[in-house]
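Trainee: Supplied in structure tokens, the structure appears directly below.
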Amino acid sequence: MTDALRLENVSMTFDEAGQRHTILNEVSATFAAGKFSVLLGQSGSGKSTVLNLLSGLDQPTAGKIWHGNTCLSALSEREQTLFRRRHMGIVFQFFNLIPTLTVLENVCLSLELNGRKERASAQELLKAVGLGTRYDTYPDKLSGGEQQRVAIARALAHDPPLILADEPTGNLDEETGKQVLEVFLNLTREQGKTLIMVTHNPDIVPLADEAWHLQEHRLQQRLR
Ligand SMILES: Nc1ncnc2c1ncn2[C@@H]1O[C@H](COP(=O)(O)OP(=O)(O)O)[C@@H](O)[C@H]1O
Ligand SMILES: [Mg+2]
């Protein structure tokens, strides 16, 4: 089961040094269920902020975020955490791996948080992203691209219906990027998951079902 994601009149501002910065200005947008959407925009335009709002890790200054019929802001913090664990896989721009856990343990964590013990899916995903021989390595012994791939495997291990990925191929060489992209494309094309990906890669954009541009504090859907 996967749901459309909707921003309803969402505004986001940050106050810094007595100044108010507007990131989003009354944005309404719907990301289709079971589709692959790319989110484009200049550096600093607020792409990571949009993903943080969709996941509930940030709260909008105004407006609502809907996952199907569930309004995130109507849930308590605890309920939001559980909702996120069950429904979402998040690939953070800066990976956020846990340094004291091995590669395999990092990936298994999202399974364990959902009360699952089986390691096979974690191992399979690590193989799919080319890290099948690195289970017992700690994150600080990995390159940026390898850490990124662990973060991808971790986001997918618990089989969430929604994946939010922040420039997930940004640190990968062309060959590895292609391999990882295959994993992502499979999620929507064959498994019907909803995938929202921030990317600057012009080769990825034409593969998406929808392209959203973040510009002048608004989100607009354009032809790819
Ligand atoms: N927690 C925060 N506090 C203050 N400013 C923030 C915060 N998070 C993001 N910003 C600012 O919001 C703008 C958009 O950031 P971000 O969403 O990371 O952009 P992008 O991912 O498109 O590069 C930037 O100017 C950034 O400095
Ligand atoms: Mg960003």
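Trainee: Students sometimes get this wrong: rank 218, 85 by accessible area, probe 1.4 Å, all chains present, largest first.
Mentor: 218, 85
Trainee: Something else: Probe of 1.4 angstrom, ligands and nucleic acids ignored: what's the accessible area per residue over segment 1-129, in square angstrom?
Mentor: Ligands and nucleic acids excluded, the figure is 51 Å² per residue.
Trainee: Amide H neighbours of residue 36 under 5 Å, at least 5 residues apart or on other chains, H built in the peptide plane: list them.
Mentor: Excluding prolines and chain starts, which carry no amide H, the hits are 195, 209, 210.
Trainee: Oh, and also: How big is Rg to Rh over segment 176-224, alpha-carbon atoms, Rh as the Kirkwood inverse-mean-distance radius? Present the calculation step by step, with values, prior to reporting the outcome.
Mentor: Working: Rg = 11.9 Å, Rh = 12.0 Å.
For segment 176-224, the value is 1.00.
Trainee: On a 30 Å Cα-Cα criterion, which of the cross-link pairs 35/141; 64/127; 141/178; 141/193 come out too long?
Mentor: From the list (35/141; 64/127; 141/178; 141/193), the Cα-Cα distance tops 30 Å for 35/141; 64/127; 141/193.
Trainee: What share of the DSSP beta bridges in the chain is antiparallel, in percent to the nearest 5? Mind dumping the intermediate values first?
Mentor: On the way: 21 of 38 bridges.
In the chain, approximately 55 percent of DSSP beta bridges are antiparallel ones.
Trainee: Something else now. Just to confirm the filter: which GluC sites (Glu not before Pro) across segment 188-223 are DSSP coil and have at most 10 other Cβ within 10 angstrom of their Cβ?
Mentor: Values: sites: 190, 210, 216; in loops: 190, 216.
Within segment 188-223, the qualifying GluC sites (Glu not before Pro) (loop, at most 10 other Cβ atoms within 10 Å) are 190, 216.
Trainee: A further question follows. Quick check: at a probe of 1.4 Å, how many percent of the accessible area of the chain sits on carbon and sulfur atoms?
Mentor: Of the solvent-accessible surface of the chain, carbon and sulfur hold 46 percent.
Trainee: Next up: So for the chain, what are the equivalent ellipsoid semi-axes in whole Å, largest first, each being the square root of 5 times an eigenvalue of the Cα gyration tensor?
Mentor: Values: eigenvalues 155, 76, 61 Å².
Semi-axes (√(5λ), whole Å): 28, 19, 18.
Trainee: Taking the Cα centre of segment 5-154 as origin and charging only Cβ (+1 Lys, Arg; -1 Asp, Glu), how large is the dipole, in debye to the nearest 20? Don't skip to the end; give the middle numbers.
Mentor: Values: 17 positive and 14 negative charges, 90 e Å.
Approximately 440 debye in magnitude.
Trainee: Which whole-number percentage describes the relative contact order of segment 92-189, with Cα contacts under 8 Å and a sequence gap of 6 or more? Intermediate values should be presented prior to the final figure.
Mentor: Values: 112 pairs, mean separation 34.8, N = 98.
After rounding, I find 36 percent.
The values are calculated or read from the model by the stated rules, or taken from the named source; none is laboratory data. It should be emphasised that the depicted structure is a prediction, and the values quoted were computed from it without experimental measurement. Cβ sites come from the backbone with ideal geometry, for glycine too, and all protein chains shown count toward neighbours. Surface areas here come from the heavy atoms of the whole protein model, side chains and all, with no ligands, DNA or RNA. Shrake-Rupley method; radii C 1.70, N 1.55, O 1.52, S 1.80 Å.
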